[in-house]
Every structure is written in C-alpha cells, then in structure tokens.
Amino acid sequence: MCYGISIANSSIRVYEKRRKTVNTPLNLTRESIASIFNSGVAIIYQDMPSDQILSIADVAALVSEEIEVRLKQSYIGLMDDIDLSYWADMIARVAVLGFILPTVCEYSPNLQGAIIDGILNKLSMCAKLISDMPDDTK
C-alpha cells in the first residue's frame, strides 16, 4: 500500500518500544491502530464504478457501521452498548483519517510514527477519563 502505516517500517519499531498497548477495554495495540488506519487507506484503492465518488460522509458511515457490528459481536456482554458505541466511533475516526490523509498530505515516514503516537495518546487519555468517572456517570 502506498500510504498506509507500515508496522514493519524501522521508524515504527522505534516508536513501538515507547508504548505498545492502550489500556482500553479493547487493548488496542500499535498493530491494531495501523490496521484500522490502513482499512481507511484501502477504501481509496477499491474498484468502484467511474461515476461513483465516495465522500467523507459515505466512508464515515460505512466504517462506523462495520466497526460497531464487529465490536458488538466480539464484546457482547463485556461492555454496555454506550461504551461500545463510543469506542466504535473512536476507531471509525482512525479509519476515516486513513481515508482522508493520503488525499491531502504527502507521504512521510516520520509522520507514520507521529500519527500512531498521537492516536495512542488520545485513546489513552479518553480511556483514563472514562475510568476516572464515577460509575453512575459512565
């Protein structure tokens, strides 16, 4: 893939040593973040009719629905629907970023690690905020 985040890239391996997993109910890893991002990139390269152009809204709806269904299948009974919807939305945003970024930004190996770090930091922050909430407000 010409723009996806390659976890085999040496610059990614350097970042992997700093943080490997986000402490969320989903235990998202660097590899899973890269995979989610790349799923958005892959949408760009799908064969589509020449008269069909996907908008950002189309892609967001497509990936949001797919991710929420998959999470509900995998985490049924382990998380409530509100939490599942929240994490599905966060993951969908990463996939949509994978769709948007290659269309507006030139590829840069240094950007790969920075993107993953930024996503992991944000997800960690969100997970901490949620875990610090009193049970009756979650």
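Return the residue satisfying two criteria in turn: it lies in region 121-135 and is under 24 Å from D80 (Cβ atoms), surrounded by fewer than 14 Cβ atoms within 10 Å (Cβ to Cβ) and not acidic (D, E), and of such residues it is farthest from the chain's Cα centre (by Cα). Outline the logic, then answer.
Of region 121-135, the ones under 24 Å from D80 (Cβ atoms) are 122-135.
Restricting the remaining residues to those that are surrounded by fewer than 14 Cβ atoms within 10 Å (Cβ to Cβ) gives 125, 128-129, 131-135.
Okay, now just the ones that are also not acidic (D, E), so 125, 128-129, 131, 133-134.
Numbers: M125: 15, K128: 18, L129: 19, S131: 20, M133: 24, P134: 27 Å.
Among them, the one singled out is P134.
Answer yes or no: is there a residue in region 117-133 that is at pLDDT below 85, acidic (D, E), over 14 Å from S32 (Cβ atoms) and assigned to a helix (DSSP H, G or I).
Yes, region 117-133 contains at least one residue that is at pLDDT below 85, acidic (D, E), over 14 Å from S32 (Cβ atoms) and assigned to a helix (DSSP H, G or I).
Looking at region 44-81, which of the residues that are hydrophobic (A, V, I, L, M, F, W, C), assigned to a helix (DSSP H, G or I) and touching a residue at least 24 places away in the same chain (Cβ under 8 Å) is surrounded by the fewest Cβ atoms within 10 Å (Cβ to Cβ)?
So, considering only residues that are hydrophobic (A, V, I, L, M, F, W, C), assigned to a helix (DSSP H, G or I) and touching a residue at least 24 places away in the same chain (Cβ under 8 Å), the one surrounded by the fewest Cβ atoms within 10 Å (Cβ to Cβ) is I56.
For region 87-120, give me the residue count where each residue is open to solvent by 80 Å² or more (accessible area, probe 1.4 Å) and either in contact (Cβ under 8 Å) with a residue 60 or more places away in the chain or within 20 Å of N27 (Cα to Cα) (or both).
Matching residues across region 87-120 total 3.
The values are calculated or read from the model by the stated rules, or taken from the named source; none is laboratory data. Please read all numbers here as calculations on a predicted model, not as lab measurements. Reconstructed Cβ throughout: ideal geometry from the backbone, glycine too, with neighbour counts over all protein chains shown. Heads up: the accessible areas ignore ligands, DNA and RNA and are worked out on the full protein's heavy atoms, side chains in. Shrake-Rupley method; radii C 1.70, N 1.55, O 1.52, S 1.80 Å.
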